[in-house]
Every structure is written in structure tokens, then in C-alpha cells.
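Just so it is clear, none of the values below were taken in a lab; they were calculated from the coordinates. These numbers were taken from a predicted model, which means no experiment stands behind them. Reconstructed Cβ throughout: ideal geometry from the backbone, glycine too, with neighbour counts over all protein chains shown.
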Amino acid sequence: MNNMDLLNKNAIVTGGAQGIGGAVTKKLASNGARLAIWDLDFDLGTKKATALGNGSIAIEVDVSNWQSVQNAYAKTLSEFERVDILVHSAGIAGSNAPVVDYSVEEFKQIIEINLMGTFHANKVVLEGMRSQNYGRIVNIASVAGKEGNPNASAYSASKAGVIGLTKSIGKELADVNVAVNCVTPAAARTRIFDQMKQEHIDYMLSKIPRNRFLEVEEAASMIYWLVSAENSFTTGAVFDLSGGRATY
């Protein structure tokens, strides 16, 4: 029996206006889900929601701000009544520099957005998912969180934190039908590349045995299964999307 259609399912995708998040919104909507796109770029999010149809909406949110996340969740519930799925994709790469030269303020900012943002987005939906005895959460980490990329300490540390946070939440919710997992993509050609030096982009490509970058649609396909009812057992797990770079 195939339980992968998402009819009557409501999904939040943070950072859903573009990149991996944008590909996920398209995949979920095409399989019946109604989307709430949470993004700092409200105009782009609105265009995306309109294109998706299915009664999808866009909400402006700063995931690093707990009050902003709470407000976005309240607006989502006023439209959807319940949330079945969260895909947390919002994040930034930050600049590339060795730790000795890394800006303390920028390091804090990346942790606030990538790690605290994940905490905020997960925290706000958990009570509702537990009470309804159903939920699927996928957090977007990175292969950098597994292996640590040189000259990207803040990003690597933040994504390692996302992996650990996901494992903890998965165990905390294992007594109900809520699955909490993360994926660890290799680099994909998204707007996040605009924040990186070319030598860092070249370094990342050199580490991928498949010798190409991830396609966002490939990430969306894996995430689609993870947020479906078909994924009824796996939780607190890390799913690799590194093109052979990571072997664990």
C-alpha cells in the first residue's frame, strides 16, 4: 500500500521561496499538499505560493526571532487549522575565512539563523503534532555538519548542531506518530553560492565523487518520502545527499 500522496496534508516549508526549499514546495504541492511558505523574502514567497495553488500561502518570517516564528505559526493555524509537515530549509552560508580571522559577530549570526532558527521552527510545531499524534519534520543540515569544511567553521558548526538537535527531537517524539529526520546535502547551485568564494565552491565540488553538484529536485524527492505517511518508522536519522562524499 502506497501512503505517499499528501492530500489533505498541510505543510510549512521555511526558506520555501527558492533553492531546496522551493523545490520541496513544488514537489509537495504537486502531490496534494497545501503549503505555507515561510520566508524572509515575502514578495518571492507570495509569487511561489500563487504559482503552487492548492490554497498555498506565504508568510514573512525571520526564523532567528522566536516571536516572529510564533506569529507565523499563529497565522498558519488561522488558515490551515493544523500542521502535518515541517520542512526547515531556511539558512545562510556566511563568508569564508579561517577561524583566526572569522568575525565573532558573523559567527553568532550564522548560529542564530541556522541552528536557533531550526530550534524555533521545530519547537513551535511540536506541541500540535504531539497532540494530534501525527507529524513529519525534515531539517536541512549539510555534509559540512558531518565533515567540517575548512574556512566555513560557523556554517559547519551550525549544521552539526542541526544534526544533533534532530536526533534529540526524534527520540523525544518517538512515542507518537511524529517522525523527525534531517538530510545532509552536498552543495547545490542555489543563491547560497552568492555568499561563497569561488575557491570554496571549487573545494566542495572536488570532494564529491559524483563530480557534480546536487540538483534541488533530487533533494526534494528524498524529502518527499520522509514527510509522507510511508515513512512510518524512521526517526532521529540522518539521510545522506552528498553524492558519495560522506560514507556514514
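Extent along the principal axes, Cα only, for the chain: 48, 37, 34 Å, with the longest axis given first.
Each of Val63, Val216 was scored by other Cβ atoms within 10 Å of its Cβ. Arranged with the fewest first, they read Val216, Val63. To the nearest 20 debye, what is the magnitude of the charge dipole of region 10-241 about its Cα centre, counting +1 on the Cβ of each Lys and Arg and -1 on the Cβ of each Asp and Glu? Using only the charged Cβ atoms, the result is roughly 420 debye. Rg then Dmax, both in Å and based on the Cα atoms of region 166-248: 15.1, 46. With both labels modelled 7 Å from their Cα along Cα-to-Cβ, the Glu218 to Asp175 distance reads 4.0 nm.
Size descriptors for region 17-158 (Cα atoms only): Rg and Dmax, in that order, 16.0, 49 Å.
Quick one: helix 66-80 against the long Cα principal axis of the chain, what's the angle to the nearest 10°, folded into 0 to 90? In the chain, helix 66-80 runs at an angle near 40 degrees to the longest axis. Computed per residue of the chain from DSSP H runs no shorter than four, each worth -39500 (n - 2.57), the mean residue ellipticity at 222 nm is -13000 deg cm²/dmol.
Cross-link partners of Lys47 among aspartates and glutamates, defined as those whose alpha carbon lies under 14 angstrom from its own and excluding same-chain residues fewer than eight positions apart: Asp39, Glu60.
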